[in-house]
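Notes to accompany the following structure.
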Amino acid sequence: PCEMACPTGWHITDFMMALQKSAADAEAMARDGLALPATLGWVCNAPCERACRRGEHDETVSIKQLHRFTAEHDAATHGGAPKIPKVANETGKRVAIVGAGPAGLAAAYRLRQWGHGVVLYDARERAGGSLLDLSEAELPAAVLEAEVALLLAMGAVFEPGRRLGVDMELVGLKRDFDAVLLTVGETGLADAGLDLGGKRVADPLSRHTRVPGVFAAGAAAGRSGLAVRAVADGFTAAHSIDRLLRQGLAE
């Protein structure tokens, strides 16, 4: 039930079993399944815990606190920074992600895992999107910064202060990249020249917009709100983008 309740479909039971043996292995599983395990350890609303069967007997398992613990343990073990996850051989394909909030960061993480080049653009000077609006008590800045730094260490590139429709155009991104992922809100979509017109911006399953090679996730797909839901949406878009890019590689 906990896995079905988690928007990411993360294998929580496997994580719990791994944690009994090795915090390092458990952290790797949390990182792979959540992309931002330390950040979500602070801000997730933990739907998995509400579905936990253990609550029928005494109290639910503190899943949120446990993946936060493993992330912090990993960082402490490696001198304050998490261990850099493995990246597959470079595919030569490049993806532009407009919006460095949780959906964009999660998509970038997954795409880098698979060896695709990633450039993140954001109007703000720091990556994090809506997470940057939280107070220090809600989410310490150092926690988010460490996870963004990990993504950059994996080879992703962050371009701050770049607003779509002002500092760059969608047509240019389509020309320079093999795929584009938009994770900005309605204003950003309008800046991109996508006429909302009351129609669905992206396919609910593939997150592909009606513009070839352009995808939308998170706020851009009308899925703003919960950070863990945005992460899940970023993963979904990354899978679709990967399928598109792999077709090109096969050709």
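List of remarks:
- Accessible surface computed residue by residue for the chain, with neighbouring protein chains in place and a 1.4 Å probe, gives 47 Å² per residue.
- Gaussian network model of the chain, springs between alpha carbon atoms under 10 Å - residue of Asp178, Asp167, Asp58 with greatest fluctuation: Asp58
- Summary of packing: across the peptides 105-113, 136-144, 238-246, the per-residue average of other C-beta atoms within 10 Å ranks them, highest first, as 105-113, 238-246, 136-144.
- Basic side chains Lys and Arg get +1 at the Cβ, acidic Asp and Glu get -1 at the Cβ, and with that the dipole of the range 53-189 about its Cα centre reaches some 540 debye.
- For the chain, share of DSSP beta bridges that run antiparallel, in % to the nearest 5: 10 percent
- Assuming charge only on the beta carbon of Lys and Arg (+1) and of Asp and Glu (-1), the dipole of the chain about its Cα centre is about 600 debye to the nearest 20.
- When the solvent-accessible area of the chain is split by element, carbon and sulfur atoms take up 51 percent of it, the probe being 1.4 Å.
- Scattering profile of the range 1-63 at q = 0.15, 0.19, 0.23, 0.29 Å⁻¹ [log10 I(q)/I(0), Debye over alpha-carbon scatterers]: -0.43, -0.70, -1.01, -1.37
- Charge dipole (the chain, unit charges on Cβ, about Cα centre) - positive-most of Gln247, Ile84, Leu170: Gln247
- Straight-distance crosslink candidates among lysines, where the alpha carbon sits under 16 Å from Lys174 and sequence neighbours closer than 8 are dropped: Lys93
- Charge tally for Asp178 (other residues, Cβ to Cβ under 10 Å; Lys, Arg +1; Asp, Glu -1): +2.
- Relative contact order of the chain, defined on C-alpha pairs under 8 angstrom at six or more residues apart (%): 20 percent
- Applying 0.36 nm per residue to the separation of Val61 and Val157 and subtracting their alpha-carbon distance, the gain on full extension is 30.9 nm.
- Net lengthening on full extension, Gln247/Asp176 (0.36 nm per residue, minus Cα-Cα): 23.7 nm
- Helical runs assigned H by DSSP (4 residues or longer) give the chain a calculated mean residue ellipticity at 222 nm of -13500 deg cm²/dmol, each run adding -39500 (n - 2.57) before division by the residue total.
- Here's the list of lysines a cross-link from Lys21 could span, going by alpha-carbon distance under 25 Å and ignoring same-chain residues fewer than 8 apart: Lys64, Lys83, Lys86.
- Counting all C-alpha pairs of the chain, share separated by more than 27 Å (%): 34 percent
- Centre-to-centre, using Cα atoms only, the range 97-113 and the range 136-159 are separated by 12 Å.
- Protection proxy ranking of 125-135, 30-40, 86-96 - average other beta-carbon atoms within 10 Å, highest first: 30-40, 125-135, 86-96
The values are calculated or read from the model by the stated rules, or taken from the named source; none is laboratory data. Every value quoted in this text rests on a predicted model; they were computed, and no experiment measured them. Counting neighbours? That spans all protein chains shown, and the Cβs are built from the backbone with ideal geometry, glycine included. The protein model used for the area step is the full one, side chains on, heavy atoms only, and it has no ligands, DNA or RNA in it. Shrake-Rupley method; radii C 1.70, N 1.55, O 1.52, S 1.80 Å.
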